[in-house]
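Quick one: this structure, given as structure tokens, is what I'll be asking you about.
Rule-based calculations on the coordinates, nothing more; no lab input. As the structure is a prediction and not an experimental result, all values here were calculated from the model. Ideal geometry is used to build each Cβ from the backbone, glycine not excepted, and the neighbour counts take in all protein chains shown.
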Amino acid sequence: MLTIKEKQVLEIIGKNLLMRKEELKRSLKSQGFDDGFSEVEKLMDRGMVHEVDAIGSICYALTKNGMTAIKDS
């Protein structure tokens, strides 16, 4: 079961499918998160978000499990 904050993080990443770390930080702050990366870490542990080294910086991508979790909640 997802927490409200975890679902919000999935939805933020899901809108873009791939987000640079800096973009994600800005989006989380604009949504009222102090940090938000504790939720990102939990979602990565659960296989819903994947960290990718793309275009020379760290990015986060929604996995198939993450997409399913958004649809099911």
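³J(HN,Hα) across region 29-46 via Karplus (A = 6.51, B = -1.76, C = 1.60, θ = phi - 60°), whole Hz, x for Gly/Pro?
Karplus values, whole Hz, x for Gly and Pro: 4, 5, 8, x, 7, 5, 10, x, 6, 5, 5, 4, 4, 4, 5, 5, 4, 8.
Find how much the distance from S73 to M44 grows on full extension, using 0.36 nm per residue of separation minus their present alpha carbon separation; answer in nm with one decimal.
Fully extending the segment from S73 to M44 adds 8.7 nm.
Let me ask something else. Divide by every residue of the chain the summed helix terms, -39500 (n - 2.57) for each DSSP H run of at least 4, and state the resulting mean residue ellipticity at 222 nm, rounded to the nearest 500 deg cm²/dmol.
Mean residue ellipticity, 222 nm, calculated: -16500 deg cm²/dmol.
In which sequence would M67, M19, M1 go, from the one with the fewest C-beta neighbours within 10 Å to the one with the most?
M1, M67, M19
5 Å is the cut-off here: which amide hydrogens, built 1.01 Å from N in the peptide plane, fall below it relative to V49, excluding neighbours closer than 5 in sequence?
Amide H neighbours of V49: M44, T63.
Okay, next question. In sequence order, what are the phi-derived ³J(HN,Hα) couplings for region 8-22 according to the Karplus relation 6.51 cos²θ - 1.76 cosθ + 1.60 with θ = phi - 60°, rounded to whole Hz, with x for glycine and proline?
4, 4, 4, 5, 4, 5, x, 5, 10, 6, 9, 10, 5, 4, 5
Give me the extension gain from F37 to A61: residue separation times 0.36 nm, minus the current Cα-Cα distance, reported in nm with one decimal.
Result: 7.3 nm gained on full extension.
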